[in-house]
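The values are calculated or read from the model by the stated rules, or taken from the named source; none is laboratory data. What you see is a predicted model; the values in this text were computed from it and never measured. No Cβ is skipped: glycine too gets one built from the backbone with ideal geometry, and neighbour counts run over all protein chains shown. Surface areas here come from the heavy atoms of the whole protein model, side chains and all, with no ligands, DNA or RNA. Shrake-Rupley method; radii C 1.70, N 1.55, O 1.52, S 1.80 Å.
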Amino acid sequence: MKVVALAGGVGGAKLAHGLALAMPSENLTIVVNTGDDFEHFGLKISPDLDTVCYTLAGLANPETGWGRVDESWNAMDSVSQLGGANWFNLGDRDLGTHLERTRRLNLGHSLSQITTDFCEAWGIAAKVLPMSDDTVPTIVITDEGELPFQEYFVARRCEPQVSAFRFEGVEQAAPVPGILEAIEATDVVIFCPSNPWVSIDPILALPGLRKAMADKPVVAVSPIIGGQAVKGPAAKMYTELGIEPSALAVAQHYQNELSGFVFDSVDERYYSEIESTDIQPLVTNTLMKSVEDRQHLAEEVLRFCEELLIPSGVGSG
Ligand code: GDP
């Protein structure tokens, strides 16, 4: 079975890692949000892409879920000592990634080509594609005005009240070469348990994406468990947008795309309501605390996808 997985950073990376462990890598394409990308100290930083790649390569910091393991912070300490811009933490090893990426982008290489080369160097077998080689910054519209994503997320610690999101320039942006082809060739598309508003929606907003997925089974895994996000502002965003955060709200968010929806056992009460909207539900443990949890959830999701692919009636007796 061929799989295209859409992912943001922390939650997306965990399931993407599980999928990479649970299936042949030549059948797995991971499309990663680049709406969070920004420039800092003149360096091009792609937080979600790096989180996914570090996680797949076994280089991620297991405590934070972002950044690198065995990291040191000498460069940032120097910046702080100088009274400089220390609001975004960049570890020394991580800085090497941004330096080399920026050098190559300045030579005119595309982000997708650079990512492919980095993945090869890091020993990542699955195909990892940034969603676009074009810049499509996510703008968060808040009660304090419009904020670029990292300013909202890191500098302002998600404190401003959110009223909407904008993916600047998305109408003119193109998906990276190979994404539409991968979707065309895939058996199933999986939305990882990423923030629907700022990790998955920016990918879906790219021209041609939704159309390419229209006749493919799509399965999402809920990032909301028991009405709360495991990490990050997803639940807070739902509340501020006037929607009660829940697995049900996530299913409704993706309603037009979904064939199947995977959500946590603590939210089992939504089963029949989700089923009544023609979305096949799967209730299981979706909290990934360990690498084994990632692989186990991925295996369950893949089994569920295989069942969805069996035409109704076949295999029933
Ligand atoms: P970000 O760009 O780093 O915020 O990364 P994502 O959008 O991919 O991930 C954030 C989302 O992942 C949050 O909404 C979390 O609730 C969700 N998440 C993180 N860990 C887990 C987990 O173990 N299980 C599930 N179901 N969701 C998770």
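At-a-glance table
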quantity	calculated
Isotropically averaged projected area of segment 134-242, using the convex hull of Cα atoms (one quarter of hull area), nm²	7.5 nm²
Residues of type lysines that Lys211 reaches as a straight line, Cα spacing below 21 Å, ignoring anything fewer than 8 places off in the same chain	Lys2
Percent of Cα-Cα distances greater than 25 Å, calculated over the chain	48 percent
Accessible area (Å², per residue) of segment 43-140, counting only protein heavy atoms and a probe of 1.4 Å	46 Å²
Candidates Val79, Val262, Val31, ranked by Gaussian network fluctuation over the chain, Cα under 10 Å, top entry	Val79
Under-5 Å amide H pairs with Leu282, H placed in peptide plane, nonlocal only	Phe261, Val262, Phe263
Charge context of Pro130, other residues only, Cβ under 9 angstrom, K/R +1, D/E -1	-3
For segment 1-102: rounded, prolate or oblate by the Cα gyration tensor [a/c cutoff 1.5]	prolate
Karplus 3J(HN,Hα) series, Hz, for segment 31-38 with 6.51 cos²θ - 1.76 cosθ + 1.60 (x for Gly, Pro)	9, 10, 4, 10, x, 7, 5, 7
Radius 13 Å from Cβ of Gln172, net charge of other residues (Lys, Arg +1; Asp, Glu -1)	-4
Cross-link pairs beyond the 22 Å C-alpha cut-off, checked among Lys14/Lys44; Lys14/Lys231; Lys127/Lys231	Lys14/Lys44; Lys127/Lys231
0 to 90° range, to nearest 10: angle between helix 111-121 axis and the chain longest Cα axis	90 degrees
The chain, relative contact order [Cα under 8 Å, separation at least 6], %	19 percent
Neighbourhood net charge (11 Å Cβ-Cβ; Lys/Arg +1, Asp/Glu -1) for Asn33	-4
Where the Cα pairs of segment 47-96 fall when distances are cut into 10 Å bins, in %	28, 49, 21, 2
Cα gyration tensor, segment 57-184 - rounded (a/c under 1.5), prolate or oblate	oblate
Antiparallel bridges, percent of DSSP beta bridges restricted to the chain (to nearest 5)	40 percent
3J(HN,Hα) from dihedral phi, segment 83-98, Karplus parametrisation 6.51/-1.76/1.60, rounded to Hz, x for glycine, proline	x, x, 7, 10, 6, 10, 6, 10, x, 4, 5, 4, 4, x, 4, 5
Alpha carbon centroid spacing (whole Å) that separates segment 3-56 from segment 221-295	20 Å
Angle in degrees between helix 291-309 and the longest Cα principal axis of the chain, rounded to the nearest 10	40 degrees
Whole-percent carbon and sulfur share, accessible surface of the chain, 1.4 Å	49 percent
Amide H contacts under 5 Å for Val128, placed H, 5+ residues apart	Ile30
